[in-house]
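Just so you know, all these numbers are worked out from the coordinates, no wet-lab data involved. Model, not experiment: these values are computed from the prediction. All Cβ positions, even for glycine, are placed from backbone atoms using ideal geometry, and neighbour counts span all protein chains on display.
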Amino acid sequence: MALPETHAPDDEWAEERVKRLMEIEPKATPPKPGDEIVATAAEPTAETSTDPEPVPAVNAEPSEELKNPASDDEVDELFKAPSADEAASKEDSAAKPEPAEDAVVEDIVRSDSDAALQEQDKAAQSNVVMKPSLWERLKNDWSDWWDDPRKRYITLGVLAVLIGIVFIFPASRAYMMNLVGMRGDISVQVVDSKTTLPLKGAKVEVAGQSASTDAQGKATVQDVKLGDQSVVISKTAFAKVTEGLSVKSGSQTLPTVSLKAVGTQFSFVVTDYVSGKPVPGVEASYNSASAQGSKDGKVLLTIPPTSASKITVTISAENYQTQEIEFSTDTKTATPVSLAPSGKTVFISKQDGRYNLYSADLDGKKRTVILEATGSENADRLALSVSPDGTKAALVSTRDNQKNAQGFLLSTLSVVDTKGGKAQTVEHAESISLLGWNGSKLLYGQTVAGASAANPNRQKIVAYDTNGGKKLPLASANYFNGTEVIGGNVYYATSSSDPSATSNFNKISVDGTGKQVLSNQEYWTVLRTNYDMLSLQTNTSWQTYTAGATGVKPSAAPTSLDDRLYVDNANGSQSLWVDVRDGKGVLLSYDTKTKKDTVLTSQTGLAQPVRWINDTTIVFRVVTPKETADYVFSTAGGQPKKITDTTAVNGITQLRY
């Protein structure tokens, strides 16, 4: 059956249908920056299977359609162009793919998007210019500079010139060195232009830094900026001096600078109160003005002009008591001044009716009560000894008024601070003897209160540390026949009064060590007849012992039965003792190295050395029917001078039966 001509336009319609289907196909959307790009292969599905579609089997029998061919009307209907509504409906159906088609489309879109994104990235990378880092630029610049000899030589030459300029010119050199923190120290000595003596307390200023001169007139100004600076030196009552200086790195010492006095001047001549010798290094001061003395004790003080009719000047020196001198400003001559050595004498006096403990300067001034008596003190049982450094006083008295069970008044051992007067009670006993000192350790003997006559520990020897307050028992016996302290050892002889004990002669160190039996005999008497020698008496003979030996030796009886008391100075080089010659007491000094005695002075009634004040100054006691007094004497010369009246009391003694 021939087709009607009206079907020709249908080819255009079919082409339009294909065009529309292609236009509605989803286009690939370019991926967004940051999206993860994953290339995946779509797995085959039932809809997308690559297997060939089965070919329908050919029926042997023709179908119903072949048996009954379509009529002309039906053929026309088949090729009839669709209406507008039908076309729209078919387009909508074509725009809505089936579910299986959605997955295929999504894979295609994803794949196209990935490809498009990669192309965009390549295009972007080809258009981006990477900026080099600072280090890379510096490295490249350095490489370019180094590879170019001309640039290199020019740069090095310019740099050398600049460095040369900096170090050739002092100002620029100092500026650069200051920038890196370099500084200098300036030292100078300032003296009085008239006396040429050092000026203490002068102010030295350099570039904002300053220092004051010491007793030698010297000062060092530290951390001064380098370069040209001004040094300004000033002192009260003296004209100011300004000098230019080029400060260099390190230390610099300027020439001595002399200051000219512009105020009123007063002169003094200062001597030692005891020896009468000039006092070197003395200082005189008035308000902010001061002056140093010469070796011969002369000092010239310059003060600002004043309208006062009188002024008070302070005179001081190392190891001397400070003294204030009032004098008229009209004084034209040198004023004599005597300074007493530092240190005090400590003594007991009954000047106000009770046995108070006093201290006083060596010239007798500043007499002060450091421990008041209680009124219970018994004069016959008083004893006093001062430590070698003068800071402590060991006092034996009955001040506490304590008694034993039988009503016997007990002795009290007190250690007193000589500056503050604070007293520490150390012991109460029936009797107490002060045996000596070893540094800060006080050695004493005691008869124990309440002990029976046969008690083997009735008497004890004890070392007491006055600094730490610790007591250390060294020896005990029923009775001791004699005790002596030589150096750092205690020597003692025990009595046969205890039948259960063995009498012997022993040695022990003050720290409780090194106990040694030197002899198994009983000695009735122990005397110190020389600095390092003891004379020992048995019931039939005499023997001697020399300190440091391991035993005793037979000897003749000593020429004198006096027991010598030796008092060592601080370093143990000299020791004082008193002898009686031609009716007078003679004070001698024993040199422990040469083993020779030197007579220092003699005086009627000179009874005992009290102690050393320093290496040249000594206090001793005089007891006569007319007076009991402490005197001061100097080994450097001069005559003994009386300090003060005192009460006669015991000092260092032995512990005896």
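One table, with the values for the structure above:
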{"read-out": "Shape metrics for the range 264-339, restricted to C-alpha atoms - Rg then Dmax, Å", "value": "11.7, 37"}
{"read-out": "The range 180-259, relative contact order [Cα under 8 Å, separation at least 6], %", "value": "38 percent"}
{"read-out": "Residue exposure sequence - Val567, Val369 - by fewest surrounding Cβ within 10 Å", "value": "Val369, Val567"}
{"read-out": "Directionally averaged shadow of the range 344-645, computed from the convex hull of its alpha-carbon atoms, nm²", "value": "16.7 nm²"}
{"read-out": "Exceeding the 21 Å Cα-Cα cut-off - candidates Lys584/Lys642; Lys344/Lys419; Lys515/Lys596; Lys298/Lys332; Lys310/Lys641", "value": "Lys515/Lys596; Lys310/Lys641"}
{"read-out": "Lys350 paired with Gln406, simple spin-label distance in nm, labels 7 Å along Cα-to-beta-carbon", "value": "2.7 nm"}
{"read-out": "Leu565, Leu382 arranged by Cβ crowding within 10 Å, fewest neighbours leading", "value": "Leu565, Leu382"}
{"read-out": "FRET efficiency, 1/(1 + (r/R0)^6) with R0 35 Å, evaluated for Ala570 and Gln265 via beta carbons", "value": "0.30"}
{"read-out": "Gain on full stretching of the segment that runs from Lys366 to Thr196 - 0.36 nm per residue minus C-alpha separation", "value": "57.6 nm"}
{"read-out": "Average Cα contact separation per residue, the range 347-484, under 8 Å, 6 or more apart, as relative contact order %", "value": "13 percent"}
{"read-out": "Relative contact order %, the range 568-657, counting alpha carbon pairs below 8 Å whose residues are six or more apart", "value": "17 percent"}
{"read-out": "Fully extended contour minus Cα-Cα distance, from Glu318 to Ser246, at 0.36 nm per residue", "value": "22.1 nm"}
{"read-out": "Cα-based reach from Lys260 at 16 Å (exclusive), listing lysines while leaving out same-chain residues under 8 positions away", "value": "Lys194, Lys200, Lys203, Lys235, Lys240"}
{"read-out": "Cβ-placed point charges (K, R +1; D, E -1), dipole of the range 264-339 about Cα centre in debye, nearest 20", "value": "180 debye"}
{"read-out": "Those lysines that a straight Cα-Cα span of less than 28 Å connects to Lys151, excepting residues fewer than 8 apart in one chain", "value": "Lys131, Lys139"}
{"read-out": "Net charge dipole size for the range 344-645 [Lys, Arg +1 and Asp, Glu -1 on Cβ; Debye, nearest 20]", "value": "320 debye"}
{"read-out": "Rg(Cα)/(2.2 N^0.38 Å) for the range 452-567, N = residue count", "value": "1.07"}
{"read-out": "Student exercise, the range 366-439 dipole from Lys, Arg, Asp, Glu Cβ charges, in Debye to nearest 20", "value": "260 debye"}
{"read-out": "For the range 413-433 and the range 591-657, distance of Cα centres in Å", "value": "23 Å"}
{"read-out": "Potential lengthening between Val232 and Gln424 on full extension [0.36 nm per residue; Cα-Cα distance subtracted]", "value": "63.5 nm"}
{"read-out": "Farthest toward positive dipole pole in the range 344-645 [+1 Lys/Arg, -1 Asp/Glu at C-beta], among Gln402, Ile613, Ser573", "value": "Ile613"}
{"read-out": "Label-to-label distance, nm, for residues given as Thr604 and Ser187 (7 Å Cα→Cβ offset)", "value": "6.0 nm"}
{"read-out": "Two-site label geometry, Asp582 and Ser285: point separation in nm, points 7 Å out along Cα→Cβ", "value": "4.9 nm"}
{"read-out": "Order of Val510, Val632 - criterion: other Cβ atoms within 10 Å of each residue's Cβ, fewest first", "value": "Val510, Val632"}
{"read-out": "Debye equation applied to the C-alpha atoms of the range 180-259, log10 I(q)/I(0) at 0.14, 0.24 Å⁻¹", "value": "-0.40, -1.08"}
{"read-out": "Using alpha carbons only: equivalent-ellipsoid semi-axes of the range 253-404, gyration tensor based, whole Å", "value": "45, 17, 12"}
